[in-house]
Amino acid sequence: MLESLPERVSIYEVSPRDGLQNEAKPIPLEGKVELLRALAASGLSRIELTSFVSPRWVPQLADAEELVKAAVVPPGVTVSALVPNAKGFERALAAGLKEIAVFMSASETHNRKNTNKSIEDSLHTFGEVVAPALAAGLSVRAYVSTVWGCPYEGEVPVSRSVHIAEQLLALGCYQVSLGDTIGVGTPLQTKRLVQAFLSEFPAEKLALHLHDTRGTALANALVGLELGIRDFDSSVAGIGGCPYAPGAAGNLATEDLVYMLDGLGVQTGVDLNLLIEAGRVAEGILGRKLPGKVHQAGPRTLRPA
Ligand code: HMG
Ligand code: MG
């Protein structure tokens, strides 16, 4: 245990997208711009900024074009956005993004509730998105949601998630992020699941996207890390949730992940103190107490007031 850990892990920050998409209260554009600034200042270099989805389905992210225009993206930072179909891709391309992420579920019911499509239709749709995106010089990431369980169907066979990931990678997506969308995963389940994926794909093709609904996200991340996963999605102060997955609470908090990795001697390129400041920016924008543990408790050595 804890003996063969990697030197470095890559964090894919999802707070501006996953963290804000489910908020009830409108969030001003300036707040989103400030959040991006603070996240990038902490050293995070991969940030999912928004979604080019239907504004009727996710009103909180209806300002995607304005946000990309207003955002100041420092050199070395890549921003990406969710894209559900060709229309979303055209919008992302016109906005000037260099990376997009397609997304679908491993369970039919969640896929329909979230995107109004069957699994087969989603794969067909992405066939029409990924190739033109690659031809236009963009990188494409992919999500498979409900891998650990579906809010509507319960258990989801691992073989189905593996098969979907295989097809997304075959389309040309550079990585598939496996979603515990409703945060039901436990460490032994995570071990079996990650082992099943690693028997089919190299570790760099995989990321873990863990929601922390039941407090197991960090334990599951550690299991993934020990098995060889090097890419983790997380969200500052633990914000997030899918509007079409009832009961889906926040993501694994980036501060909690960085705190654990710092303690393990695994580099992330992120400054924990600056990250905690970014979490305070998120708190200011949302105007309520946020769930992240390190966000609430602070670092081990508190700075003098
Ligand atoms: P639909 O209603 O079936 O779409 O929605 P449609 O193709 O029939 O079009 C209907 C109207 O929407 C048309 O406009 C289209 O132009 C418009 P009208 O002619 O009526 O005026 N439209 C669009 N407008 C802007 N941008 C677009 C777009 N597409 C169509 N891209 C659709 C289908 C997929 C669009 C919709 O279901 C949708 O936007 N869903 C997104 C839901 C979402 O964002 N969920 C949260 C993200 S997923 C998540 O959180 C999980 C994740 O974090 C991983 C994990 O945790 O597991 C990634
Ligand atoms: Mg999510």
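The values are calculated or read from the model by the stated rules, or taken from the named source; none is laboratory data. All values reported here derive from a predicted model rather than from experimental measurement. Reconstructed Cβ throughout: ideal geometry from the backbone, glycine too, with neighbour counts over all protein chains shown.
Counting only residues that are surrounded by fewer than 20 Cβ atoms within 10 Å (Cβ to Cβ) and among the small types (Gly, Ala, Ser), which one in segment 172-201 is farthest from ligand 2 (Cβ to nearest atom)? So that I can check it myself, show each step before the final result.
Just the residues of segment 172-201 that are surrounded by fewer than 20 Cβ atoms within 10 Å (Cβ to Cβ), to begin with: 172, 174, 186-189, 191-192, 195-196, 198-201.
With among the small types (Gly, Ala, Ser) added as a condition, the list becomes 172, 196, 199.
Numbers: GLY172: 22, ALA196: 21, SER199: 25 Å.
Taking the candidates together, the pick is SER199.
Restricting to segment 157-183, what's the tally of residues that are assigned to a helix (DSSP H, G or I), under 19 Å from the mean Cα position of the chain (by Cα) and among the hydroxyl-bearing types (Ser, Thr, Tyr)?
From segment 157-183, those assigned to a helix (DSSP H, G or I) are 158-171; that's our starting set.
Subsequent filtering for residues that are under 19 Å from the mean Cα position of the chain (by Cα) retains 161-162, 164-165, 168-169.
Imposing the further condition that a residue be among the hydroxyl-bearing types (Ser, Thr, Tyr) reduces the set to 161.
Residues in segment 157-183 being assigned to a helix (DSSP H, G or I), under 19 Å from the mean Cα position of the chain (by Cα) and among the hydroxyl-bearing types (Ser, Thr, Tyr): 1 in total.
Please identify the pairs in which a residue from segment 208-220 that is more than 20 Å from VAL162 (Cα to Cα) has its Cβ atom under 9 Å from the Cβ atom of a residue that is more than 14 Å from ligand 1 (Cβ to nearest atom) and among the small types (Gly, Ala, Ser), counting only partners at least 6 apart or on another chain.
Listed by first residue and then by second, the contacts come to ASP212/ALA253; ASP212/GLY292; ALA217/ALA253; LEU218/ALA253.
I need every pair where a residue in segment 55-82 that is at positive phi has its Cβ under 9 Å from the Cβ of a residue that is modelled with pLDDT of 95 or more, sequence separation at least 6 or different chains.
These pairs meet every condition: GLY76/ALA40; GLY76/SER45.
I want to confirm something. Restricting to segment 202-218 and keeping residues that are crowded, with 17+ Cβ neighbours inside 10 Å and over 14 Å from the mean Cα position of the chain (by Cα), which single residue is nearest to ligand 1 (Cβ to nearest atom)? Let's see the steps before the verdict.
Start the filter on segment 202-218 by keeping residues that are crowded, with 17+ Cβ neighbours inside 10 Å, which leaves 205-213, 216-218.
From the residues that got through so far, the ones that are over 14 Å from the mean Cα position of the chain (by Cα) too are 205, 213, 216, 218.
Numbers: LYS205: 17, THR213: 11, THR216: 14, LEU218: 16 Å.
So the residue we want is THR213.
Looking at (1) surrounded by fewer than 24 Cβ atoms within 10 Å (Cβ to Cβ); (2) charged (D, E, K, R); (3) under 18 Å from the mean Cα position of the chain (by Cα), which is the only condition ASP262 fails?
(3)
Among the residues of segment 202-234, which ones are part of a loop (DSSP other than H, G, I, E, B), in contact with a strand residue (DSSP E or B) (Cβ under 7 Å, 6 or more places away or on another chain) and away from ligand 2 (no atom under 12 Å from the Cβ)?
Step one: list which residues in segment 202-234 are part of a loop (DSSP other than H, G, I, E, B), which gives 202, 212-216, 228-230.
Pick out the ones that are also in contact with a strand residue (DSSP E or B) (Cβ under 7 Å, 6 or more places away or on another chain) and you get 212, 229-230.
Hits for segment 202-234 are ILE229, ARG230.
Going residue by residue through segment 108-124, is there one that turns out to be of a type in the set (Ser, Thr, Tyr), within 16 Å of ligand 2 (Cβ to nearest atom) and assigned to a loop (DSSP other than H, G, I, E, B)?
Among the residues of segment 108-124, not one is of a type in the set (Ser, Thr, Tyr), within 16 Å of ligand 2 (Cβ to nearest atom) and assigned to a loop (DSSP other than H, G, I, E, B), which makes the answer no.
Would you point out the residue of segment 50-76, among those that are within 10 Å of ligand 1 (Cβ to nearest atom) and of a type in the set (Gly, Ala, Ser), that is nearest to LYS117 (Cα to Cα)?
SER54
Applying the selection to segment 35-47, what residues are crowded, with 17+ Cβ neighbours inside 10 Å and either among the small types (Gly, Ala, Ser) or in contact with a Gly (Cβ under 9 Å, 6 or more places away or on another chain) (or both)?
LEU35, ALA38, ALA40, SER42, GLY43, LEU44, SER45 - these are the residues of segment 35-47 that are crowded, with 17+ Cβ neighbours inside 10 Å and either among the small types (Gly, Ala, Ser) or in contact with a Gly (Cβ under 9 Å, 6 or more places away or on another chain) (or both).
Just checking, does segment 36-43 include any residue being touching a residue at least 40 places away in the same chain (Cβ under 8 Å), over 23 Å from ALA133 (Cα atoms) and not in a helix (DSSP H, G or I)?
yes
Identify the single condition in (1) within 16 Å of ligand 2 (Cβ to nearest atom); (2) modelled with pLDDT of 95 or more; (3) not β-branched (Val, Ile, Thr) that ALA248 does not satisfy, given that it satisfies every other one.
Condition not satisfied by ALA248: (2).
State whether one or more residues within segment 184-196 are of a type outside the set (Lys, Arg), outside any helix (DSSP H, G or I), at positive phi and in contact (Cβ under 8 Å) with a residue 12 or more places away in the chain.
In the first step, residues of segment 184-196 are kept if they are of a type outside the set (Lys, Arg); the result is 184-190, 193-196.
Filter once more, keeping what is outside any helix (DSSP H, G or I): 184-186.
With the extra rule that they be at positive phi, the set shrinks to none.
Checking segment 184-196: not a single residue is of a type outside the set (Lys, Arg), outside any helix (DSSP H, G or I), at positive phi and in contact (Cβ under 8 Å) with a residue 12 or more places away in the chain.
Taking segment 1-16 as the search range and keeping residues that are among the charged types (D, E, K, R) and in contact (Cβ under 8 Å) with a residue 24 or more places away in the chain, which one is surrounded by the fewest Cβ atoms within 10 Å (Cβ to Cβ)? It would help to see each step written out before you state the result.
Of the residues in segment 1-16, the ones among the charged types (D, E, K, R) are 3, 7-8, 13.
Now restrict to residues that are in contact (Cβ under 8 Å) with a residue 24 or more places away in the chain: 7-8, 13.
Details: GLU7: 8, ARG8: 11, GLU13: 30.
Residue satisfying both the conditions and the ranking: GLU7.
Only one of (1) closer than 23 Å to ARG17 by Cα; (2) within 14 Å of ligand 1 (Cβ to nearest atom); (3) β-branched (Val, Ile, Thr) fails for VAL156. Which number is that?
With respect to (1) closer than 23 Å to ARG17 by Cα; (2) within 14 Å of ligand 1 (Cβ to nearest atom); (3) β-branched (Val, Ile, Thr), VAL156 is out only on (1).
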